[in-house]
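Some notes on the structure that comes next.
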Amino acid sequence: MSNKDQLIKDLESIIRLLADAWPADRENVAVAGAKFEEVTNNVENNFGQFQKLIDLSWQGIKHLYEKDDYFIMVKTATMQAINTIREYVIEEGDIKVEDFEKAYDVLEKSLKGGAESADTVIEIDEEKAEEIKKNGETKQDKKGGSSAKAYTLNDLAGFLITLDEESVTGEDLGKLDELVSYIVKHADEAIAVPLKEAMAEVEASGGAKGWLKIVSDKTEQAIEIEAQKEWDNPQSKDELPGYEDEGVIEKEASSKEVTEDSAKESESEKTDVVPSEIFHIPVDIEMALVGEFITECSELIEMAESALLDLEESPDDEELINTVFRAFHTIKGTSAFMGLEPISEFTHFVETLLSMVREGDLPFDRACADINFDSIDILNKMLKVVEVAEGGDPLHKPAQYDSMISVLNAISEEGKEPAKALEEIRGEQAAVPLANPVEDVMPGSDATAVENSGADKISSKSDSESSVRVSVSRLDRLIDMVGELVIAHSVVAQDKAIPKDSELQKKVNHATKILRELQDTSLTLRMVPLKATFHKMNRLVRDLSRKAGKQVKFSTFGEDTEIDRNMVDVINEPLIHMLRNSLDHGIEEPEERLKSGKDANAELSLSASQEGGKVVIEIKDDGRGINKDVILNKAIEKGLIDPDKKLSEKEIYNLIFLPGFSSAEKVTDLSGRGVGMDVVRRSIEQLQGKVEVSSELGKGTTITIELPFTLAITDGMLVRVGTQRFIVPTINIDMTFRAKESDMFTMMGSSEQVNFRGQSVPVIRLHEQFEINGAKESLLEGTLLIIKNNNRRYALLVDEVIGQQQLVGKSIHMLTKMSHISGGAILGDGRVGLILDTAALMESAA
C-alpha cells in the first residue's frame, strides 16, 4: 500500500472514530486525536489554507475531548473538515480554495456555537450512511416481532449526522419520526421530554430553517440526561438504561390488557407529575444588565468555591460559612430581580441549607460540601445558558437540577442528614464528618488562622470597593494604541533630521521617558493574579483525588503572582493536564506509600513566582517519580528514537512530551492516552515559554514552566543577516560567541558542529534558511547565538548582533506560511523586523 493510500485510509478511520464519539463516551476522541497528530505530521505541501484547516481540525478534536458545549455541532463540522483534508490528499492538491474556506468557516462557527448542527453530509462515509439507513430499514421491517431490537438515543444521533437539512427527503423524515416516536414511547419520561419539546417546536415553526439544529440539540440534551441516570443508578452493561425491556413488555401483555383502564388512569396521573413547562427568559429582560449579572455571579461563585475548599479544612470557621451564605444569598436576590426564577428558586434551597449550618442545626461534613459543590456546578451550567441567550429563549434546567432540589428539600423539610439524603438520591455511601486538621497538627493555632482569614477578607473587600469594571475589549484597544504610539514615537526619536544636543532633542527624550512609563502602566492594567486559576486547580485536585481513591494534601503558593490576562486561559489547560498526570501516574495509592515508608497523605504543590522578566510556575509531588528506563524503553518500542542513540537524563524526560507517548500500563479516565503532555508543550510554546521536567525515582517529580511576563512586548535580540534583520527572543538565547578554528568540525561529512562548553552543537545557517544573498558564510567571520529549546541546543549563524530591544510584537498574516517566523515588530527606523520561531528552526534542522 502506498503512502497516499495509507494516509487516506488513516483519515477515514479518524472520521469513523469521531462518528462513534458521544458526550458520555469520549474514548474514541482521544484515539482519533493521537492518530490525527501522527497523520498530519506526515503530510507534506502544507500551504496556507491547508495548514489552517489542519490546525482548526485539531482544535475541534480538543473541544470534543474536553468540553460538552455544542458537541454534535462541533463533531459534525470537525468530520467535514477532516474529510476536506482527505479529498485534498486524494486529488493531490487539486481542490478548490472555496472548499477549504467553507469547511474552515463551518468549523470555526461551530466552535463558537454559531453554526447549525449536522449541517452537511460527510460524503466520505456514504457506505456507512447507507449501512445506518439499511439497519434502520431492517429494524422497521422487524418491528412488532419478538426479536426486534430497541432503538436508542445513539441510533437517533447517528441518523441525524447523515441528514442535510437542505436535501432531506420524505423517506428521511419518516425514518426520523419513527426513531423519535419509538424512543419517546419506551424511554423514561425525563429522557422523552426533550424529544417531545423538539417535535413540538419543529411543528410550531412549520419546518422553518434550523429545525435540524433544534432536534440535534434536544437529542444531545436527552443523551446528557441518560448519562446522568446511568451515573445515578448504575446497571449492568446488558441493560438499556431508561428503556423498558421488550421481553417484559411481551410477557406482561395479557395482564396489561386486563388492567387497561387502570393503566390509562395511572399514565394520566404520571403525566400530571411531569416537570412543569419550560421556563423562558423574560422577553423584556435588560440585555445590557445580563453581562454585569453574569460577571457578578461568576465572582460570587468563585468566592464561594474558594471558601468551601477552606471549609473542608476548617469546618467550624463561621466567617467562611458566612462567605458562602452571602454569595448564594446575593445570587438569589439578583437573579430574582432579573426574573430568572429557576436560578433564584435553586439558590433559595441552597441558602436554606447554609442557614442551618450557620445556626448550628447542621454540621458541615463531607456530604454537605459535596452538595454545595454540585450546586455550584448546576448554577454555572444555567449561567452559561443565560450568558448567550436572549429574551424569550428557553432556560433549560440541568439534568441534576431536580435531583438536587430533592436532596435539599429532604434536608430542610424532612430533617434528613445530608449523607442520607445523598445516599437515597444518588446511592452514595454516607460521608464522615470532617476532622479539623489544624487542631490535629497545630493545637491552638486555629484562632490565629481564623483571625488572619478575617483580616484577609476585610482587605480584599476594601480593594474591591476601590475598583471599577472595564470592558476587556476597551482595555485591549488601549494597550494596542499605546503600543502604536510607542512605535510612532520611536520612529520620530531616531529621525536624523533632529539635531543632536538641541532643545528639540531634549523634549523628545523627555517624551520618551513619559511614554515608557505610560507603556509600563498600561501593561499592568491587563495583568491579573493567578489566584482564580489556582483555585480552580484546587477544586480539580479535590475531585480527582477522591475519584482515584488517593489521599492528597494540595498546597498553592504565589497566588498573587500576576500574568497577562490573555495568557491565563491558555495556561489553564496545561495545568489541568499536568495535575491529572501527577495524580494518576506520580502519586501512589495510600497502601503503596505506607509500604515504601512514606506518609499515606501525598504532597502536591502548585507555585508561581516572578524571576526577572519571566513567570515561573512549578508543579511538585512526592510520588514515585519517573522511571527513566521505562520511558526510554517505551520510546524505543514505539519507534520514536534510535535504540543506539545516547540520551541525557533531561532528554529522556522530554520524551513524555512527544505526541501519543504514554508510559501508563492502562488507560484511566484521568490520563494514560498519550494526548495530554503534547498539548502541554504546544500550549506553552504558543506563549513563547518553555517547560522542563526533573525527577528522582521514589522521591517525586517537579515540572517547571517558564513564561514571558507579557505577550504585548517581545524582549529580543536584534541580529543582522546580509541586509535583513531578525529578532531572536532572549528567553531562547543561552549566549553568543565567536568560534575558533579548533571549535569547528563536521559529522558524517555534512553536519556542521561547533564545540560549546565541551558539547557538540549543530550549526544552523540562517542565510540558507531564508535564501539571503551577501551574508557571511564563514563561521569564523560571523557570530554564533546558542539557542535552546527543550534542553536541545543549536548554534545560529548571523552576521552581527545589533543589540537587545523591547519591541511590540505583531502577528503577521501572509498568504504563504513561513514556518520559521512567529510574528514581526516595527523597528526604530520604521522597518519591519521578523521574529524568529526558534523551536520551528530547531525542528527543521533536526
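Here are the numbers for the structure shown:
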| item | result |
| --- | --- |
| Contacts under 6 angstrom Cβ, first residue in the stretch 313-335 being within 24 Å of Ser555 (Cα to Cα), partner open to solvent by 50 Å² or more (accessible area, probe 1.4 Å) and of a type in the set (Asp, Glu), 6 or more apart | Leu320/Asp310 |
| Filter result for Ala200 (modelled with pLDDT of 80 or more, out of contact with any Ser or Thr (no Cβ under 7 Å at 6 or more places or on another chain), closer than 26 Å to Gln400 by Cα and open to solvent by 20 Å² or more (accessible area, probe 1.4 Å)) | no |
| Test: residue in the stretch 547-567 that is part of a helix (DSSP H, G or I), at pLDDT below 85 and either under 14 Å from the mean Cα position of the chain (by Cα) or at positive phi (or both) | yes |
| Of residues in the stretch 465-510 being surrounded by 14 or more Cβ atoms within 10 Å (Cβ to Cβ) and free of Cβ contacts under 8 Å to residues at least 24 places away in the same chain, the one nearest to Leu289 (Cα to Cα) | Asp480 |
| Residue ranges of helices (runs of 4 or more DSSP H) in the stretch 40-159 with at least 1 members modelled with pLDDT under 50 and open to solvent by 20 Å² or more (accessible area, probe 1.4 Å) | 126-142 |
| Check on Lys628, modelled with pLDDT of 90 or more, more than 20 Å from the chain's Cα centre (by Cα) and open to solvent by 50 Å² or more (accessible area, probe 1.4 Å) | no |
| Ser778 vs. criteria assigned to a loop (DSSP other than H, G, I, E, B), open to solvent by 20 Å² or more (accessible area, probe 1.4 Å), at pLDDT below 80 and of a type outside the set (A, V, I, L, M, F, W, C) | no |
| Members of the stretch 288-308 found to be closer than 22 Å to Asp543 by Cβ and among the acidic types (Asp, Glu), listed by number | Glu299, Glu302, Glu305 |
| Qualifying positions in the stretch 303-322 - of a type in the set (Ser, Thr, Tyr) and under 29 Å from the mean Cα position of the chain (by Cα) | Ser306 |
| Of residues in the stretch 387-407 being surrounded by fewer than 20 Cβ atoms within 10 Å (Cβ to Cβ) and either small (Gly, Ala, Ser) or touching a Leu at 6+ places or on another chain (Cβ under 9 Å) (or both), the one farthest from Ala327 (Cα to Cα) | Gly392 |
| Arg565 vs. criteria more than 21 Å from Asp310 (Cα to Cα), free of Cβ contacts under 8 Å to residues at least 12 places away in the same chain and open to solvent by less than 70 Å² (accessible area, probe 1.4 Å) | no |
| Residue within the stretch 635-649 that is open to solvent by less than 50 Å² (accessible area, probe 1.4 Å), β-branched (Val, Ile, Thr), in contact with a helix residue (DSSP H, G or I) (Cβ under 8 Å, 6 or more places away or on another chain) and modelled with pLDDT of 80 or more present | no |
| Filter result (part of a loop (DSSP other than H, G, I, E, B) and either β-branched (Val, Ile, Thr) or in contact with a helix residue (DSSP H, G or I) (Cβ under 6 Å, 6 or more places away or on another chain) (or both)) within the stretch 329-379 | Leu362, Phe364 |
| Among (1) under 28 Å from the mean Cα position of the chain (by Cα); (2) open to solvent by less than 40 Å² (accessible area, probe 1.4 Å); (3) modelled with pLDDT of 75 or more - the single one Ser822 does not satisfy | (2) |
| Number of positions in the stretch 298-324 that are of a type in the set (A, V, I, L, M) and assigned to a loop (DSSP other than H, G, I, E, B) | 0 |
| Positions within the stretch 165-179 being surrounded by 15 or more Cβ atoms within 10 Å (Cβ to Cβ) and charged (D, E, K, R), in sequence order | Glu165, Asp172, Lys175, Glu178 |
| Test: Ile571 is under 18 Å from Asn538 (Cβ atoms), within 24 Å of the chain's Cα centre (by Cα) and not in a strand (DSSP E or B) | yes |
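The values are calculated or read from the model by the stated rules, or taken from the named source; none is laboratory data. Just so we're clear, the structure is a prediction, and the values are computed from it rather than from any experiment. Positions of Cβ are backbone-derived with ideal geometry, glycine not excepted, and every protein chain shown enters the neighbour counts. Just so you know, the surface numbers come from the protein's heavy atoms only, side chains and all, with ligands and any DNA or RNA stripped out. Shrake-Rupley method; radii C 1.70, N 1.55, O 1.52, S 1.80 Å.
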